[in-house]
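What follows is a set of notes on a single structure, which appears directly below.
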Amino acid sequence: MIKKIFLYTFLFFGLTQIYGQKKSAFLQAADEAFAYKNYYGALKFYNEALEFDEKDADVLYKSAESARLFNSYKIAAEKYSYLIDTLQIVNDSSTLYYAGEMYQRLGQYDKATEYYDLYLTQYNKDGDYLTTKAKKDKE
């Protein structure tokens, strides 16, 4: 009986270690791809890492950024929206702005205006580049 308990405990912790190593390997590959401006590769690796935990806000944000920089507006918009609306996490001020920009590029102007308004409500600073751009893009 004790051997079975020991075996199950060992298997549980062993599988947990394998699980963590795989996620970290995907994250390392994604970060390297992003550093080399291989945004498509970074997006693929971040998405693989999200398979382990789809609510990991840091990985989700990096995935959205990779999609945006790869000009995959629909994917980026979905990821930013999930961060903002579902998880209610805004990593930094640019998250709201870029969500608006992605929807604007998709031609969904009402949704874009919604995110620009959120950005301007929370981060409206005179002389700030994104504030000026958000006001202009909203028009």
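The values are calculated or read from the model by the stated rules, or taken from the named source; none is laboratory data. Because the structure is a prediction, the values reported are computed rather than measured. Glycine also receives a Cβ, built like all others from the backbone with ideal geometry; neighbour counts cover every protein chain displayed. The accessibility values were calculated without ligands, DNA or RNA, using every heavy atom of the protein model including side chains. Shrake-Rupley method; radii C 1.70, N 1.55, O 1.52, S 1.80 Å.
Tally Lys/Arg at +1 and Asp/Glu at -1 over every other residue whose Cβ is under 11 Å from the Cβ of Phe52; what's the total? The partial results should precede the final answer.
On the way: positive: Lys22, Lys23, Lys55; negative: Glu48, Glu51, Asp53, Glu54, Asp56.
With Lys, Arg at +1 and Asp, Glu at -1, the neighbours total -2.
Run the 1.4 Å probe and let me know the accessible area of Ser24, rounded to the nearest 10 Å².
60
Determine ³J(HN,Hα), in whole Hz, for all residues of segment 42-55 in sequence, where each value follows from phi through the Karplus function 6.51 cos²θ - 1.76 cosθ + 1.60 and θ = phi - 60°; x replaces Gly and Pro.
4, 4, 4, 5, 5, 5, 5, 5, 5, 4, 6, 7, 5, 9
Just to confirm a number: summing +1 for Lys and Arg and -1 for Asp and Glu over residues other than Asp85 whose beta-carbon lies under 15 angstrom from that of Asp85, what do you get? All intermediate terms of the calculation are to be shown ahead of the outcome.
Details: positive: Lys55, Lys79, Lys111; negative: Glu54, Glu78, Asp110, Glu114, Asp117.
In short, -2.
State whether segment 77-139 is rounded, prolate or oblate according to the following rule on the C-alpha gyration tensor (a ≥ b ≥ c being the square roots of its eigenvalues): a/c under 1.5 gives rounded; otherwise a/b larger than b/c gives prolate, and the remaining case gives oblate. Intermediate results must be reported in sequence, preceding the final value.
Values: a/c = 2.11, a/b = 1.20, b/c = 1.76.
Oblate, because a/c is 1.5 or more while a/b does not exceed b/c.
Suppose R0 equals 22 Å; then what is the FRET efficiency for Phe52 and Leu106 from their Cβ-Cβ distance, rounded to the nearest 0.05?
On the way: r = 29 Å, r/R0 = 1.30.
The value I calculate is 0.15.
Residues with beta-carbon under 11 Å from that of Asp137, excluding Asp137: net charge, scoring Lys, Arg +1 and Asp, Glu -1?
On the way: positive: Arg105, Lys133, Lys135, Lys136, Lys138; negative: Glu101, Glu139.
Computed value for this residue: +3.
Could you order Ile84, Ile75 by accessible surface area, starting with the largest, using a probe radius of 1.4 Å? Kindly include the intermediate steps, with their values, before the conclusion.
Working: Ile84 20, Ile75 60 Å².
So, going from the largest accessible area down, we get Ile75, Ile84.
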